[in-house]
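**Q** Mind having a look at this structure? Questions to follow.
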Amino acid sequence: MVVLAVLVVALAFLGMILGIYLLLVATLGGLVFSPGSMLVFVLIGVATGLALLGAGQLLDRRLSRDLASFLARSGPSPLRDHALTRAYALLVLSLLPFFLYLQGFALYSVVAISLDLARAVAAGGDVPLIALLIPAMIVVGTVLGVAIGLFRLFVLPAPEPIGIPLTPDQDRPLWALSRSAADYLGTRPADAILLSPEPGIGVSVPVGLLHVVFGARRTLEIGLPSICGLRVDQLAAILTHEYGHLDHRDARWATFIHALGASLSATLAAVPGPWSFGEPPTILNLIATFNPAYWTMFFFVSLFLRLIGGFSRTRETLADLEAASRLGGHTFARALLRVAVNDLVFHDLVEERDVPWLLNRGQFIDGFDGWMERIYRYELGPYGIEALEYRLIAAGQRHDPADSHPGLEERIEATARLDGAGSTDDRPVAALFDDWRRTDEALTRLYYRAHGWSLADETTMTER
């Protein structure tokens, strides 16, 4: 399957090269609209898209087969299938020239059709200004949309993360845990650690296509709500998963995918389409509906999401196996479930319910960790937590084609048989911090300030 997929991608590359060459010839030939040329360009685009989609499905089936054999103890770990990961990398890389080809086709089709229409209208004698103005607006909008998309491919706004950076002298056990996870995989540890009041755990790098080539500083971001109630070995499993992404160069691939996705989104948002000129039906909406550039980008969005979804799920599975190989499938599964429950409780009960309710009464939560522990102990209890776990597993039994992660049940099943080589450490994560309570309170205050809520009157903070 892998060899066949690579051959299909290679044929797609040849199709892209042919399409780009023909576009250059047509452009240098004077941008004259030709139905025959348009048909050729459309066929090349459709055939290339279907070829890439077929290659992605072949690789998806290969991963599913490898996982099934591994779970049945009749095959090796998918971690050893380097051919699969390289084939997927080639597939994702092919999206960039295909995207550039489609942008070239979008420009050619709009400009050539508009110029041909303008010549025909002008040859008719007395021409209303509006008859030339509307096509001109479509052309200018499309050219600007493609230019904005190309700009976003290399230059992206860097969101400022919310959090408290740690110096190497602070919370040294946490730094040591991070280094041990990186050392296990033989990869470089994070250059910085950022504690965040928002949920989520991951190693991030700056966005932008240039960082794919030259590399960038790695930051380990740890969301306090996500690690509430975790044991040290469970956090170690999560960090090993995150460093597993770096070991497989997923950070660079994620940067590449993010840059390409941002470029695509910017292009689609700027190119005139059916909804570019407001909701009520107008003549501009009607004409923009027939803009081939808009539908070309719309077609690529669907293909992009499906192929990137399959690639991302493959990388998640490999990172899961790395974590379970180190700490064991049971420890990793418990960590996955607890982080998922923590994120759900924080979003639904703390952020959406308790924070607004207390704000309306002039009160603030003094520490999210203590508040969530109170919810677990007095509101949910063991049975309530178990019910949430079942709910999350049931919701994530299987994935959709565009999902970036496998279903939660799939992830647990894929790692369940691994015993792990690491020792257990049932200490709470608070043991990794110099002063856990002070850290909890500082991050909670940061959360309120980041959302624009004043904490001038500290006496209104709620008691634990």
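**Q** All but one of (1) at pLDDT 80 or above; (2) closer than 30 Å to residue 332 by Cα hold for residue 216, so report the exception by its number.
**A** Result: residue 216 fails condition (1) only.
**Q** Quick check: anything in the range 58-81 of a type in the set (Gly, Ala, Ser), surrounded by 15 or more Cβ atoms within 10 Å (Cβ to Cβ) and within 24 Å of the chain's Cα centre (by Cα)?
**A** So far as the range 58-81 goes, no, none of its residues is of a type in the set (Gly, Ala, Ser), surrounded by 15 or more Cβ atoms within 10 Å (Cβ to Cβ) and within 24 Å of the chain's Cα centre (by Cα).
**Q** If you don't mind, another one. Mind checking which residues of the range 285-333 are charged (D, E, K, R) and more than 16 Å from residue 242 (Cα to Cα)?
**A** Hit for the range 285-333 is 306, nothing else.
**Q** Something else about it: Considering every residue within the range 305-325, establish whether at least one is of a type in the set (Ser, Thr, Tyr), more than 30 Å from residue 260 (Cβ to Cβ) and in contact with an Asp or Glu (Cβ under 6 Å, 6 or more places away or on another chain). Walk me through it before giving the result.
**A** Initial filter on the range 305-325 (of a type in the set (Ser, Thr, Tyr)): 312, 314, 317, 325.
Within this subset, residues satisfying the condition of being more than 30 Å from residue 260 (Cβ to Cβ) are 325.
Next, from what is left, pick out any that are in contact with an Asp or Glu (Cβ under 6 Å, 6 or more places away or on another chain): none.
No, because not a single residue in the range 305-325 is of a type in the set (Ser, Thr, Tyr), more than 30 Å from residue 260 (Cβ to Cβ) and in contact with an Asp or Glu (Cβ under 6 Å, 6 or more places away or on another chain).
**Q** Sticking with this structure for a sec: Would you say residue 308 is in contact with a helix residue (DSSP H, G or I) (Cβ under 6 Å, 6 or more places away or on another chain), crowded, with 17+ Cβ neighbours inside 10 Å, in the same structural domain as residue 94 (by TED's automatic domain parsing) and not basic (Lys, Arg)?
**A** Spelling it out, residue 308 is indeed in contact with a helix residue (DSSP H, G or I) (Cβ under 6 Å, 6 or more places away or on another chain), crowded, with 17+ Cβ neighbours inside 10 Å, in the same structural domain as residue 94 (by TED's automatic domain parsing) and not basic (Lys, Arg).
**Q** Could you list, in sequence order, all residues of the range 37-56 that are crowded, with 17+ Cβ neighbours inside 10 Å and at pLDDT 80 or above?
**A** Once the filter is applied, which keeps residues that are crowded, with 17+ Cβ neighbours inside 10 Å and at pLDDT 80 or above, the range 37-56 yields 41, 44, 45, 48, 49, 51, 52, 53, 55, 56.
**Q** Of the residues in the range 422-452, how many are surrounded by 14 or more Cβ atoms within 10 Å (Cβ to Cβ), at pLDDT 90 or above and assigned to a loop (DSSP other than H, G, I, E, B)?
**A** Result for the range 422-452: 1.
**Q** If I filter the range 24-36 for residues that are more than 27 Å from the chain's Cα centre (by Cα) and modelled with pLDDT of 75 or more, do I get at least one hit?
**A** yes
**Q** For the range 453-464, which positions are surrounded by fewer than 16 Cβ atoms within 10 Å (Cβ to Cβ) and either closer than 24 Å to residue 229 by Cβ or modelled with pLDDT of 80 or more (or both)?
**A** Within the range 453-464, 462, 463, 464 meet the criteria.
**Q** List pairs: first in the range 378-393 and among the charged types (D, E, K, R), second assigned to a helix (DSSP H, G or I), Cβ under 9 Å, 6+ apart or cross-chain?
**A** Every condition considered, the pairs that remain are 379/349; 389/337; 389/338; 389/340; 389/341; 391/344.
**Q** If you check 375, 412, which single one turns out to be surrounded by 17 or more Cβ atoms within 10 Å (Cβ to Cβ), at pLDDT below 90 and among the aliphatic types (A, V, I, L, M)?
**A** Criteria check complete, one pass: 412.
**Q** Out of the residues in the range 253-285 that are in a helix (DSSP H, G or I) and modelled with pLDDT under 70, which is farthest from residue 154 (Cα to Cα)? Write out each step before concluding.
**A** Going residue by residue through the range 253-285, those that are in a helix (DSSP H, G or I) are 253-270, 283-285.
If we keep only those that are modelled with pLDDT under 70 too, we end up with 283-285.
Working: 283: 35, 284: 31, 285: 31 Å.
Only one residue tops the list, namely 283.
**Q** Can I ask one more? Within the set of pairs 6 or more residues apart or between chains, which connect a residue that is part of a helix (DSSP H, G or I) and of a type in the set (D, E, K, R) inside the range 41-58 to a residue that is buried (at least 23 other Cβ atoms within 10 Å of the Cβ) and at pLDDT below 85 with Cβ atoms less than 6 Å apart?
**A** none
**Q** With respect to residue 221, is the statement that it is surrounded by 15 or more Cβ atoms within 10 Å (Cβ to Cβ), more than 23 Å from residue 326 (Cα to Cα) and modelled with pLDDT of 90 or more true?
**A** For residue 221, the condition - surrounded by 15 or more Cβ atoms within 10 Å (Cβ to Cβ), more than 23 Å from residue 326 (Cα to Cα) and modelled with pLDDT of 90 or more - is not met.
The values are calculated or read from the model by the stated rules, or taken from the named source; none is laboratory data. Model, not experiment: these values are computed from the prediction. When we count neighbours, we look across all protein chains shown, and the Cβ atoms used for this are built from the backbone with ideal geometry, even at glycine.
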